[in-house]
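> Structure in structure tokens, see below.
The values are calculated or read from the model by the stated rules, or taken from the named source; none is laboratory data. Computed from a predicted model, the values in this text were never measured in an experiment. Here the Cβ is made from the backbone with ideal geometry for all residues, glycine too, and neighbour counts use every protein chain on show.
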Amino acid sequence: MTPDQYCQDKAAKSGSSFYYSFLFLPPEQRRAIISLYAFCREIDDIVDETGEHEIARIKLAWWREEIAHVFEGKAKHMVGKALQQTIKDFDLSQEHFLEIIDGMEMDLDYNAYPTFKALSLYCYRVASVVGLMSAEIFGYDDRKTLKYAHALGMAFQLTNILRDVHEDSVRGRLYIPLDELDRFGVTTDDLMENKTTDNIRALFKYQAERAQRYYNEAFELLPDCDRHPQRSGLIMSAIYRTILDEIENDGYRVLERRTSLTPIRKLWLAWRTSRKEKQRYKAFLKSAAAA
């Protein structure tokens, strides 16, 4: 198995919605983004699947060394070897890889966050940094696109947090700020129950509205000239925002059941968004030529 095949297998088996946004990329960009995604999966799996925190820290420390080896051209892991080609082809920062590891390690240090400000650092490291790296792979002309990538990463992570709140609570992790639980009269024990009270519904509505604000901010920040290069992010937005809409339409009953989309629906959303952005790009080029 080659490094690229290993990463492809890792991405395909994850079942993540992100995989559908990669399908419409040119081969070089698809290979690069899949290697980045595989790296994120490797780090996330360490934190989620290693029972002993100290062993998990040792494994994360190994990956910090592996990233140094990647930038030296001496990678040992299959994903690291795939990333060597990625950093040759695209301007990715070594510091960003380390920030992702730092973000994942926060799950070993914290099982709850007192405020949204505290949570924001976690979201930035595990999601917005990935968004910034993805933007580099997709390409852009206007640096404002990096602000879009940051906001979109926040929106994705906040959607994940709301969708997975019950599953995370059972595992002893809480990503909804504690001061907001207090404000809405909800306890951590309430989140362990399969019951949606009025207080819980109000709390979750507040979380959804925040995520929607980040989506809106991201779209407002994305320059027209970079919409087509960044179409994979827009595909992901269509999928994740649909998940958020489904949560809202279901009355925020995420404690009772996990909201998800079928693979066919994800593929359809990906195809529809890709087609829409292609048409929009043609109109943009026509308008630019006329000007």
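> Could you list, in sequence order, the residues of segment 215-225 that are surrounded by fewer than 22 Cβ atoms within 10 Å (Cβ to Cβ) and in a helix (DSSP H, G or I)?
Across segment 215-225, the qualifying residues are Tyr215, Asn216, Glu217, Phe219, Glu220, Leu221, Asp224, Cys225.
> Can I ask one more? Looking only at segment 211-249, count how many residues are under 17 Å from the mean Cα position of the chain (by Cα) and without any contact (Cβ under 8 Å) to a residue 60 or more places away in the chain.
7
> Still on this structure: Here is a check on your reading of the model: is Phe24 at negative phi, assigned to a loop (DSSP other than H, G, I, E, B) and not charged (D, E, K, R)?
The answer is yes for Phe24.
> Would you check which residues across segment 174-194 are closer than 19 Å to Ser120 by Cβ and either in a loop (DSSP other than H, G, I, E, B) or of a type in the set (Phe, Trp, Tyr) (or both) and list them?
Result: Leu174, Tyr175, Ile176, Pro177.
> Oh, and also: Any residue at all in segment 5-13 that is part of a loop (DSSP other than H, G, I, E, B), in contact (Cβ under 8 Å) with a residue 24 or more places away in the chain and among the small types (Gly, Ala, Ser)?
Scanning segment 5-13, I find no residue that is part of a loop (DSSP other than H, G, I, E, B), in contact (Cβ under 8 Å) with a residue 24 or more places away in the chain and among the small types (Gly, Ala, Ser), so the answer is no.
> Condition test on Phe156, is it aromatic (Phe, Trp, Tyr), surrounded by 19 or more Cβ atoms within 10 Å (Cβ to Cβ) and more than 23 Å from Glu209 (Cβ to Cβ)?
On the way: aromatic (Phe, Trp, Tyr): yes; surrounded by 19 or more Cβ atoms within 10 Å (Cβ to Cβ): yes; more than 23 Å from Glu209 (Cβ to Cβ): no.
Considered against the rule, which asks whether it is aromatic (Phe, Trp, Tyr), surrounded by 19 or more Cβ atoms within 10 Å (Cβ to Cβ) and more than 23 Å from Glu209 (Cβ to Cβ), Phe156 comes out as no.
> Would you confirm whether or not segment 82-90 contains a residue that is touching a Pro at 6+ places or on another chain (Cβ under 6 Å), surrounded by 21 or more Cβ atoms within 10 Å (Cβ to Cβ), not polar (S, T, N, Q) and not assigned by TED's automatic domain parsing to the domain that holds Ile176?
yes
> Follow-up. Which residues, taken from segment 17-37, are touching a residue at least 12 places away in the same chain (Cβ under 8 Å), within 16 Å of Ser274 (Cα to Cα) and of a type outside the set (Phe, Trp, Tyr)?
Once the filter is applied, which keeps residues that are touching a residue at least 12 places away in the same chain (Cβ under 8 Å), within 16 Å of Ser274 (Cα to Cα) and of a type outside the set (Phe, Trp, Tyr), segment 17-37 yields Ser17, Ser21, Leu23, Leu25, Gln29.
> So, one more: What single numbered condition from (1) of a type outside the set (Lys, Arg); (2) in contact (Cβ under 8 Å) with a residue 40 or more places away in the chain; (3) more than 22 Å from Val254 (Cα to Cα) fails to hold for Glu99?
Result: Glu99 passes all but (2).
> Just to be sure I understand, how many residues within segment 48-58 are in a helix (DSSP H, G or I) and surrounded by fewer than 16 Cβ atoms within 10 Å (Cβ to Cβ)?
6
> Another question about this same structure. Can you say whether Leu132 is over 18 Å from Cys40 (Cβ atoms) and modelled with pLDDT of 95 or more, as far as the supplied structure shows?
Criteria not met by Leu132.
> Here is a further query. Does segment 172-180 contain any residue that is within 21 Å of Leu222 (Cα to Cα), surrounded by 19 or more Cβ atoms within 10 Å (Cβ to Cβ) and not polar (S, T, N, Q)?
no
> Name every residue in segment 1-41 that is hydrophobic (A, V, I, L, M, F, W, C) and in contact with a Lys or Arg (Cβ under 6 Å, 6 or more places away or on another chain), in order of residue number.
Narrowing segment 1-41 to residues hydrophobic (A, V, I, L, M, F, W, C): 1, 7, 11-12, 18, 22-25, 32-34, 36, 38-40.
Hits for segment 1-41 are Phe22, Ala38.
> Just name the residue that is nearest to Arg201 (Cα to Cα) out of those in segment 261-291 that are part of a loop (DSSP other than H, G, I, E, B) and free of Cβ contacts under 8 Å to residues at least 60 places away in the same chain. Give the steps one after another, and end with the answer.
Going through segment 261-291, the residues part of a loop (DSSP other than H, G, I, E, B) turn out to be 261-262, 291.
Adding the requirement that they be free of Cβ contacts under 8 Å to residues at least 60 places away in the same chain leaves 262, 291.
On the way: Thr262: 25, Ala291: 50 Å.
For segment 261-291, the residue satisfying everything is Thr262.
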